[in-house]
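**Student:** Below is one structure. I have some questions about it.
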Ligand code: NDP
């Protein structure tokens, strides 16, 4: 057994430490599939894990990185054989199980998804956890019976990873998309993804009324807190909001008014432990419905050794769209 390059988070007196170094293959955790990782991404949660700004990492030492694509090297799992192209998001990888910012990973095959037809390994990670979460949100709104004939769709945190993919998916599905952003300079970018209107996020960021003028039938919110409360307050009767993030905060200072007076629904999205059937359906829809030129336009690529820089930037809201990490 040899060694491989990885980012390593460890615990020290004053908090977490972070270094880029060699890991012994013998130190990989239990699993029935070993994957040669070719690509990963930088999600908001990766920023939290790398910097230690939130207690994301639950085992030390840890290799951070919550998602990857790559090629199976060895497998004792009946569904996978050496050479298979696979991807993984969630399941605690990069949090409690050694993660994706590495040249190798050993995981249970039950966590893997075969690379969907129509996507290569880099495109799969351009989508990554953030884009997959945007798709889960779109599916939740669809299941609620919402469609573009009922009004507009709002996306908050629109210039971010979840937000950019959500704007592109909703616009492609025919929605009039309102993109809420704090970055006025990204208005042209958001229009290029399909946004029809840009909303200054400051309008949603301050405490507001329990009910406001009805403005959208559907929303995908990656921001939480006061923003989500205001999004609910301005959702049309019988509309729904898919809540998937907490970029502004974990709290939700709302009232029951939107729920009991307008029949608004709040749909929770958890991408980490989604069952396999729904996972594969979401990836198949991404491969079919997400325009690959639009995906390329929202994607920046960095080598593994530069992930620490992007991890800081994403927490400061300075990363636009998606970041792919090339490995090996
Ligand atoms: P990004 O950092 O790429 O996007 C977040 C965006 O939110 C920013 O780009 C910014 O958009 C906006 N934002 C940042 N800070 C604030 C603030 N203080 N107030 C209002 N808006 C703010 O992160 P991701 O897209 O990777 O993730 C978005 C959120 O979704 C995170 O909270 C993440 O933890 C969560 N998430 C949840 C998942 C789940 O399973 N439920 C899976 C994946 C992500 P702009 O500049 O346009 O205003």
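**Student:** Take residue 223 and decide whether it is touching a residue at least 24 places away in the same chain (Cβ under 8 Å) and within 22 Å of the chain's Cα centre (by Cα). Before you say what the answer is, go through the steps one by one.
**Tutor:** Details: touching a residue at least 24 places away in the same chain (Cβ under 8 Å): yes; within 22 Å of the chain's Cα centre (by Cα): yes.
Spelling it out, residue 223 is indeed touching a residue at least 24 places away in the same chain (Cβ under 8 Å) and within 22 Å of the chain's Cα centre (by Cα).
**Student:** Check 169, 193 and return the single one that is over 20 Å from residue 142 (Cα atoms) and either out of contact with any strand residue (DSSP E or B) (no Cβ under 7 Å at 6 or more places or on another chain) or modelled with pLDDT under 95 (or both). Please lay out each step first, then the result.
**Tutor:** Working: 169 fails: over 20 Å from residue 142 (Cα atoms).
The unique qualifying residue is 193.
**Student:** Name the residues in segment 310-328 that are outside any loop (DSSP other than H, G, I, E, B) and buried (at least 21 other Cβ atoms within 10 Å of the Cβ), would you? Don't jump to the end; show me each part of the working.
**Tutor:** Taking segment 310-328 first, the residues outside any loop (DSSP other than H, G, I, E, B) are 310-315, 322-326.
Selection gives 311, 314, 322, 323, 324, 325.
**Student:** Being within 16 Å of the ligand (Cβ to nearest atom) and touching a strand residue (DSSP E or B) at 6+ places or on another chain (Cβ under 9 Å) is the filter here; which residues of segment 211-231 pass it?
**Tutor:** Step one: filter segment 211-231 for residues within 16 Å of the ligand (Cβ to nearest atom), giving 219-231.
Scanning segment 211-231 gives 219, 220, 221, 222, 223, 224, 225, 226, 227, 228, 231.
**Student:** Would you confirm, using the coordinates I've provided, whether residue 88 is in contact with a helix residue (DSSP H, G or I) (Cβ under 7 Å, 6 or more places away or on another chain), under 30 Å from residue 248 (Cβ atoms) and more than 15 Å from the ligand (Cβ to nearest atom)? If you could, list the steps in order and put the result at the bottom.
**Tutor:** Working: in contact with a helix residue (DSSP H, G or I) (Cβ under 7 Å, 6 or more places away or on another chain): yes; under 30 Å from residue 248 (Cβ atoms): yes; more than 15 Å from the ligand (Cβ to nearest atom): no.
Answer is no for this residue.
**Student:** Kindly provide the set of residues from segment 79-104 that are in contact (Cβ under 8 Å) with a residue 12 or more places away in the chain and more than 20 Å from the chain's Cα centre (by Cα), ordered by number. Let's see the steps before the verdict.
**Tutor:** Start the filter on segment 79-104 by keeping residues that are in contact (Cβ under 8 Å) with a residue 12 or more places away in the chain, which leaves 79-80, 83-104.
Listed by number, the residues that qualify are 79, 80, 83, 84, 85, 103, 104.
**Student:** Being away from the ligand (no atom under 11 Å from the Cβ), closer than 15 Å to residue 219 by Cβ and surrounded by 23 or more Cβ atoms within 10 Å (Cβ to Cβ) is the filter here, so list the residues in segment 111-145 that pass it.
**Tutor:** Within segment 111-145, 138, 141 qualify.
**Student:** Does residue 305 qualify as being surrounded by 15 or more Cβ atoms within 10 Å (Cβ to Cβ) and outside the structural domain of residue 187 (by TED's automatic domain parsing)? Walk me through it before giving the result.
**Tutor:** Details: surrounded by 15 or more Cβ atoms within 10 Å (Cβ to Cβ): no; outside the structural domain of residue 187 (by TED's automatic domain parsing): yes.
So residue 305 does not fit the description; no.
**Student:** Please go through segment 6-26 and give me each residue that is in contact (Cβ under 8 Å) with a residue 60 or more places away in the chain and either surrounded by fewer than 19 Cβ atoms within 10 Å (Cβ to Cβ) or within 16 Å of the ligand (Cβ to nearest atom) (or both), ordered by number.
**Tutor:** Of segment 6-26, the ones in contact (Cβ under 8 Å) with a residue 60 or more places away in the chain are 6-7, 18, 20, 23, 25.
Answer for segment 6-26, where residues must be in contact (Cβ under 8 Å) with a residue 60 or more places away in the chain and either surrounded by fewer than 19 Cβ atoms within 10 Å (Cβ to Cβ) or within 16 Å of the ligand (Cβ to nearest atom) (or both): 18, 20, 25.
**Student:** Out of the residues in segment 171-208 that are part of a strand (DSSP E or B) and within 12 Å of the ligand (Cβ to nearest atom), which is nearest to residue 286 (Cα to Cα)? Please lay out each step first, then the result.
**Tutor:** Step one: filter segment 171-208 for residues part of a strand (DSSP E or B), giving 177-181, 197-200.
Filter once more, so that each one left must be within 12 Å of the ligand (Cβ to nearest atom): 179-181, 198-200.
On the way: 179: 20, 180: 23, 181: 24, 198: 24, 199: 26, 200: 28 Å.
Here the answer is 179.
**Student:** Any residue at all in segment 220-229 that's in a helix (DSSP H, G or I), in contact with a helix residue (DSSP H, G or I) (Cβ under 8 Å, 6 or more places away or on another chain) and either in the same structural domain as residue 45 (by TED's automatic domain parsing) or closer than 30 Å to residue 127 by Cα (or both)? Steps first, answer last, please.
**Tutor:** Taking segment 220-229 and keeping what is in a helix (DSSP H, G or I), we get 225-229.
If we keep only those that are in contact with a helix residue (DSSP H, G or I) (Cβ under 8 Å, 6 or more places away or on another chain) as well, we get 226-227.
Those left that are additionally either in the same structural domain as residue 45 (by TED's automatic domain parsing) or closer than 30 Å to residue 127 by Cα (or both): 226-227.
Looking through segment 220-229, at least one residue is in a helix (DSSP H, G or I), in contact with a helix residue (DSSP H, G or I) (Cβ under 8 Å, 6 or more places away or on another chain) and either in the same structural domain as residue 45 (by TED's automatic domain parsing) or closer than 30 Å to residue 127 by Cα (or both).
**Student:** Quick test of your reading of the structure: residue 305 fulfils all but one of (1) in contact with a strand residue (DSSP E or B) (Cβ under 7 Å, 6 or more places away or on another chain); (2) farther than 23 Å from residue 141 by Cβ; (3) within 14 Å of the ligand (Cβ to nearest atom). Name the failing condition by number.
**Tutor:** Among (1) in contact with a strand residue (DSSP E or B) (Cβ under 7 Å, 6 or more places away or on another chain); (2) farther than 23 Å from residue 141 by Cβ; (3) within 14 Å of the ligand (Cβ to nearest atom), residue 305 violates only (3).
**Student:** Would you confirm whether or not segment 258-274 contains a residue that is more than 16 Å from the ligand (Cβ to nearest atom), closer than 21 Å to residue 138 by Cβ and in contact (Cβ under 8 Å) with a residue 60 or more places away in the chain?
**Tutor:** Looking for residues that are more than 16 Å from the ligand (Cβ to nearest atom), closer than 21 Å to residue 138 by Cβ and in contact (Cβ under 8 Å) with a residue 60 or more places away in the chain, one finds at least one in segment 258-274, hence yes.
**Student:** Please go through (1) in a helix (DSSP H, G or I); (2) without any contact (Cβ under 8 Å) to a residue 60 or more places away in the chain for residue 284 and return the number of the only condition it doesn't satisfy.
**Tutor:** (2)
**Student:** When only residues in segment 155-170 that are near the ligand (Cβ under 6 Å from one of its atoms) and farther than 13 Å from residue 198 by Cα count, which is surrounded by the fewest Cβ atoms within 10 Å (Cβ to Cβ)?
**Tutor:** 160
**Student:** Applying the selection to segment 148-170, what residues are in contact with a helix residue (DSSP H, G or I) (Cβ under 9 Å, 6 or more places away or on another chain) and either in a loop (DSSP other than H, G, I, E, B) or farther than 13 Å from residue 295 by Cα (or both)?
**Tutor:** Step one: filter segment 148-170 for residues in contact with a helix residue (DSSP H, G or I) (Cβ under 9 Å, 6 or more places away or on another chain), giving 148, 153-170.
If the condition is that a residue be in contact with a helix residue (DSSP H, G or I) (Cβ under 9 Å, 6 or more places away or on another chain) and either in a loop (DSSP other than H, G, I, E, B) or farther than 13 Å from residue 295 by Cα (or both), then 148, 153, 154, 155, 156, 157, 158, 159, 160, 170 are the ones that fit.
The values are calculated or read from the model by the stated rules, or taken from the named source; none is laboratory data. Predicted, not measured: the structure shown is a model, and the values here were computed from it. Here Cβ is always computed from backbone atoms with ideal geometry, including for glycine, and neighbour counts include all displayed protein chains.
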